[in-house]
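A quick write-up on the structure given underneath.
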Amino acid sequence: MTNNLAGLLAVTIAADPTRPLLTWYDDAIGDRTELSGATLANWVAKTANLIVDGAGATAGDTAEVLLPPHWQTAAVLLGCWSAGLAVRAPGLVDGPAGAGSQADGPPAEVCFATAHRLPGPDRPPAGEQYLLSLAPMAMPARDLPPGWVDYVTEVRGHGDHFTPYPAGDPQDAQLAARAAARGAELGIVAGSRVLIDADRHPDPVDWLLAPLAATASVVLCRQLDRASLDGRVASEKVDLVLA
């Protein structure tokens, strides 16, 4: 097992980068996005380059990630870890998802958030602040709060390749161990395809890291339409349902 969180992605896609790795559904709006391992890795590389070249962050700096489960959130988290950043986010270092989003500590060098999860007014602004609309088709945000720039617009101009920095922060080893243990607890086995209800499993360890640690692929569903669950399991060739 690798202790480098960015390395979990590389190990998972090594055998076949073209296979579907993360398929996203939002049943309330009919959104579906499918990413192969290679496509997700491309978004991760662009994000890491944005962090290093755009935000000027360096290994050991802190990123605050105030995002719900989403395929773009996966790119942001893995991009942060690729650049050697420690991530401050609900469900990672701050306890259960939804708690502790305003962690104590100095301002982050970079922050990623949605308009509904902006840091509170008691928090000093991060060095660079990126807003994600999480809209279908990776559309940019229409309205930006003062001091924020659009993630999708900015990230697309950055390079497609990035060599992950060696794991240096203790968070990497701790989260890698948590991910392996949680995957075993949830019954995720190597090479499986797992359907995950994002509303019931909002912790990134559950919906992102545990499957990667098991080299599994994910069908991540928000506002899951349970009437369509059986059909989706069949069409997506799902082996395990966490809903």
- Item | Geometric extent, Cα atoms of region 50-93 - Rg, Dmax (angstrom) | 10.0, 28
- Between region 104-130 and region 16-42, the Cα center-to-center distance that results, in Å: 27
- Give the Debye-formula value of log10 I(q)/I(0) at each listed q (0.16, 0.22 Å⁻¹), with one equal scatterer per alpha carbon of region 117-243, two decimals each. -1.08, -1.19
- Mean accessible area per residue over the chain (1.4 angstrom probe, all protein chains present, square angstrom) is 42
- Query: What length, rounded to one decimal in nm, is gained on full extension from Ala190 through to Glu34, with 0.36 nm per residue of separation minus their alpha-carbon distance?
  - Reply: 54.1 nm
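Where Lys and Arg each count +1 and Asp and Glu each count -1, what net charge lies around Leu186 among other residues with Cβ under 15 Å from its Cβ? Mind showing how you got there, number by number?
Values: positive: Arg178, Arg182, Arg193, Arg200; negative: Glu185, Asp197, Asp203, Asp206, Asp239.
After counting each charged neighbour, the total is -1.
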- Message: What FRET efficiency comes out for Ser228 versus Arg200 if R0 is 25 angstrom and r is the Cβ-Cβ distance? Round to the nearest 0.05.
- Response: 0.95
- region 113-223, accessible surface, carbon-and-sulfur percent (1.4 angstrom probe): 55
- On a 0 to 90° scale, report how tilted helix 37-49 is relative to the longest principal axis of the chain, with both axes built from alpha carbons and the result rounded to the nearest 10. 10
- Message: Quick check on the chain: what are the equivalent-ellipsoid semi-axes from the Cα gyration tensor, as sqrt(5λ), descending, whole Å?
- Response: 26, 20, 17
- What does the charge add up to near Glu154, with Lys and Arg as +1, Asp and Glu as -1, over the other residues with Cβ less than 10 Å from its Cβ? 0
- Query: About the Cα centre of the chain, what is the dipole size in debye to 20, counting +1 per Lys and Arg Cβ and -1 per Asp and Glu Cβ, all else neutral?
  - Reply: 360
- Query: For the chain, modelled as a GNM with alpha-carbon contacts under 10 angstrom, which of Ser133, Ser217, Ser228 fluctuates the most?
  - Reply: Ser228
- Give, as a single signed number, the net charge of other residues whose beta carbon lies under 14 Å from the beta carbon of Thr23, with Lys and Arg counted +1 and Asp and Glu -1. -1
- Give me the distance in nm between label points sitting 7 Å out from Cα along the Cα-to-Cβ direction at Asp160 and Ser235, one decimal. 3.0
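The values are calculated or read from the model by the stated rules, or taken from the named source; none is laboratory data. Just so it is clear, the model here is predicted, and its values are computed rather than measured. Counting neighbours? That spans all protein chains shown, and the Cβs are built from the backbone with ideal geometry, glycine included. Note: accessible area is taken over every heavy atom of the protein model, side chains too, but ligands, DNA and RNA are not part of it. Shrake-Rupley method; radii C 1.70, N 1.55, O 1.52, S 1.80 Å.
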